[in-house]
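Values quoted throughout were computed directly from the atomic coordinates according to the rules given, and no laboratory measurement underlies them. If you're wondering where the values come from, they're calculated on a predicted model, not measured in any experiment. With ideal geometry, Cβ positions are generated from the backbone for all residues, glycine too; neighbour counts draw on all protein chains shown.
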Amino acid sequence: MDLGAGTSSLDAMVAGGEPRGSSVYSRLHNPTVARFEEALATLEGAEVAVAFASGMAALTACLLAHVGPGGHVVACRPLYGGSDHLLTSGLLGIEVTWTTPDEVHAAVRPDTAMVLIETPANPTLDLWDIASLVEQAGRVPVLVDSTFATPVLQQPLSHGARWVLHSGTKFLGGHGDVLAGVVATDREAAAALRQVRLVTGGVLHPLAGYLLHRGLQTLPVRVRAAQAGAQALAERLTADPAVARVWFPGLDGADPQGLLGRQLAGPGCVLSFELSGGYEAANRLVQALRLITPAVSLGSTDTLIQHPAALTHRVLSDEARAEAGIRPGMLRLSVGLEAVDDLWADLSVGLAAVRRRAPSIARPVA
Ligand code: PLP
């Protein structure tokens, strides 16, 4: 073998480009991972996609490549607790200004390098108008974490975002058996991401790349089926007296900006609800469940339930959690592919357990 062939391929990849023939080493390039990247880029309408070992590795690479120590980010709460913590902790030496989506323009400074949002947001399912944010951000590029939407329901790049990020651990893999992250973007931004990935080593395992690529084949079918279940459960939860509030974009009044249909093709498969009885009631409900799995992930074929204040957003300060709209009685439900009546039967057992301990919110007896 000609040694020069490996060297020129290595040089191309160190500069953030594609390999020239030889992959050289698995941390630099893997053809199975590249196949998944190509498919995801197509689904997002992007020039390219860059896959990572996890959603957090993907976000870290975006921040290191495009903001860097001393840089400034504008972000809107809520974000996934890990993402919020990555920014707030100062671990990467990045300064963050938290603001609301309608005040992004005021928060942007001459040194702002990125505006960061999640829509639908974890765990309040807030929908933010991407095109309006992009307009407000002006010259500052916008990163959208679109994990909850998947490319089946939303393509942020078509609304002007520069990066769309997914925790592939969720719907893209879809079966709760891979950990992955991916960013779809333009060639220039992707080159910087690949450079960070190459030196930090946050690469996607090829087996995960294979499972993700296979998972994409059923993504639209899974999303449509789980979404129908989520809509039915959101409506039934809304009618239950133990439930103080339900967050789900498909409910009446939940989309005041009219983004459903315009930006988001459907309400998605995740909902949150708050029990009037607070943390104790949430704990009782979860303990009574037999079919729904208590687990922090989402986007699986199995329906998963978790308590954001105690788990996914535990790491936030009390103030940040309150600002993010996360309440002590709130549970997040990621609806899977089980029969909706079976899921409702399970939730009903949980809700009955809550009512038994809370006579003041018991159903009135006819
Ligand atoms: N973004 C969102 C919206 C998430 O919900 C999560 C994880 O729950 C992440 C990013 C982080 O992804 P990962 O767990 O794959 O690192």
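Here are the numbers for the structure shown:
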{"item": "Global form of segment 250-366, assessed from the alpha-carbon gyration tensor, a/c cut-off 1.5", "result": "rounded"}
{"item": "Under the Karplus curve 6.51 cos²θ - 1.76 cosθ + 1.60, θ = phi - 60°, whole-Hz ³J(HN,Hα) for segment 164-173, x wherever Gly or Pro sits", "result": "10, 10, 10, 7, x, 4, 8, 5, 4, x"}
{"item": "Between 0 and 90°, nearest 10: helix 187-200 axis offset from the chain longest Cα axis", "result": "90"}
{"item": "Alpha-carbon centroids, segment 68-104 and segment 124-168: separation in whole Å", "result": "16"}
{"item": "Distance between segment 1-61 and segment 184-218 - C-alpha centres, whole angstrom", "result": "7"}
{"item": "Local electrostatic count, A57, Cβ distance below 14 Å [Lys/Arg +1, Asp/Glu -1]", "result": "+2"}
{"item": "Exposed trypsin sites (Lys or Arg not before Pro) absent: longest stretch of the chain, with sites in DSSP loops and at most 11 other Cβ within 10 Å deemed exposed", "result": "140-289"}
{"item": "Listed residues L237, L285, A180: farthest to the positive end of the dipole of segment 178-291 (Cβ charges)", "result": "A180"}
{"item": "Alpha-carbon spread of segment 144-240, three principal axes, descending order, Å", "result": "52, 32, 23"}
{"item": "For segment 311-324, 3J(HN,Hα) per residue [Karplus equation, 6.51 cos²θ - 1.76 cosθ + 1.60, θ = phi - 60°, Hz, x = Gly/Pro]", "result": "10, 4, 10, 4, 5, 6, 5, 4, 5, 5, 5, 5, 4, 7"}
{"item": "Extreme residue, positive dipole direction of the chain, given options N122, T7, A75 (C-beta unit charges)", "result": "N122"}
{"item": "Whole-Å distance, taken between Cα centres, linking segment 272-324 and segment 219-234", "result": "20"}
